[in-house]
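One structure below.
The numbers here are math on the coordinates, done by the rules we state, and not lab data. Here the structure is a predicted model, which means the values were calculated and not measured. Note: ideal-geometry Cβ built from the backbone for every residue, glycine included; neighbour counts use all protein chains shown.
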Ligand code: GRF
């Protein structure tokens, strides 16, 4: 599909290497996703996500304790940036800060996040990065994977829209498992963003369902 005038304004939030952000941006550049990344927001000025955004000419906005020492400004500053770019979809891709409740309320059903486990398992406060994979291995889970969910006021708790499962091997290290889950993430997240931008996510009884494209 080629980009048209109805392309969806996306804002990406990322704190880390930004590989999920890159996987989505790649599909946009290939004309697969009818969206445009208008801004990348980060709390980490040294993140790979920001470096990549700069190299691709995507505007960035950095907020951190130094720039906004009083804390209160966090919500206001983010909110202003979202308004300026007329954001329609917020994509959290390894963002290590909580989205303010006011923004979650304002962008109801318009914020998605990716998590490296089969939610609701191994989600919530403390389950981030390698902690997730360590716990999966420790509990001898047979399967793990990636989940994309809509964001509510609690960590990793909103309605799940898509998941991709993989087998956990008996001798997996957390790093090996993380690497295989990440491969799934890079396939799954662009698919969900694509579906969103094509209005193919329907809600039934508060559950999001992706319908197939024509
Ligand atoms: C991913 O594992 C994602 O599931 C989690 O944070 C990590 C971000 O990785 N929310 P990257 O920065 O996209 O490489």
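Starting from the Kirkwood radius over alpha-carbon pairs of the stretch 119-161, derive D by Stokes-Einstein at 25 °C in a medium of 0.890 mPa s and give it in µm² s⁻¹. Write out the running numbers ahead of the final one.
Working: Rh = 11.0 Å.
The calculation lands on 224 µm²/s.
Output the relative contact order of the stretch 84-207, whole-number percent, from Cα pairs under 8 angstrom with separation of 6+ residues. Write down the numbers at each step before the final one.
Numbers: 180 pairs, mean separation 29.1, N = 124.
Relative contact order comes out at 23 percent.
Could you state the per residue volume, in Å³, of the convex hull enclosing the Cα atoms of the stretch 151-214?
Working: hull volume 7.6 nm³, N = 64.
Per residue, the Cα convex hull of the stretch 151-214 comes to 119 Å³.
Out of 193, 91, 161, any idea which swings most in a Gaussian network model of the chain, alpha carbons joined below 10 Å?
161
Based solely on its DSSP helices, what 222 nm [θ] is calculated for the chain when runs of n ≥ 4 H residues each add -39,500 (n - 2.57) and the sum is averaged over all residues, nearest 500 deg cm²/dmol?
Details: 6 runs with 70 residues, N = 214.
Rounded to the nearest 500, the figure is -10000 deg cm²/dmol.
Once you keep just the Cα pairs under 8 angstrom separated by 6 or more residues, what percentage relative contact order results for the chain?
Values: 392 pairs, mean separation 41.6, N = 214.
Value for the chain: 19 percent.
Looking at the chain as a GNM with Cα springs under 10 Å, which of 41, 54, 114 has the largest mean-square fluctuation?
In this elastic network of the chain, the residue with the biggest mean-square fluctuation among 41, 54, 114 is 54.
State the dimensionless ratio Rg/Rh of the chain (Rg: radius of gyration of Cα atoms; Rh: Kirkwood radius). Before the final figure, lay out each step's value.
Details: Rg = 16.8 Å, Rh = 17.6 Å.
Taking Rg over the Kirkwood Rh, I get 0.95.
Semi-axes of the equivalent ellipsoid for the stretch 8-94, please: Cα gyration tensor eigenvalues, times 5, square-rooted, ordered largest first, whole Å.
22, 15, 9
I want the antiparallel fraction of DSSP beta bridges within the chain, as a percent rounded to 5.
On the way: 15 of 31 bridges.
Given both bridge residues lie in the chain, the antiparallel proportion sits at roughly 50 percent.
Name the residue, out of 34, 64, 20, whose mean-square fluctuation peaks in a Gaussian network model built on the chain with Cα pairs under 10 Å.
Its mean-square fluctuation being the largest, the pick is 64.
Under 11 Å from a point placed 7 Å out from the Cα of residue 138 along the Cα-to-Cβ direction: which residues of the stretch 146-188 have their backbone N that close?
none
Tell me the Kirkwood radius of the stretch 88-201: reciprocal of the mean inverse pair distance over distinct alpha-carbon atoms, in Å.
Details: mean 1/r = 0.0695 Å⁻¹.
Taking every pair of different Cα atoms in the stretch 88-201, averaging 1/r and inverting gives 14.4 Å.
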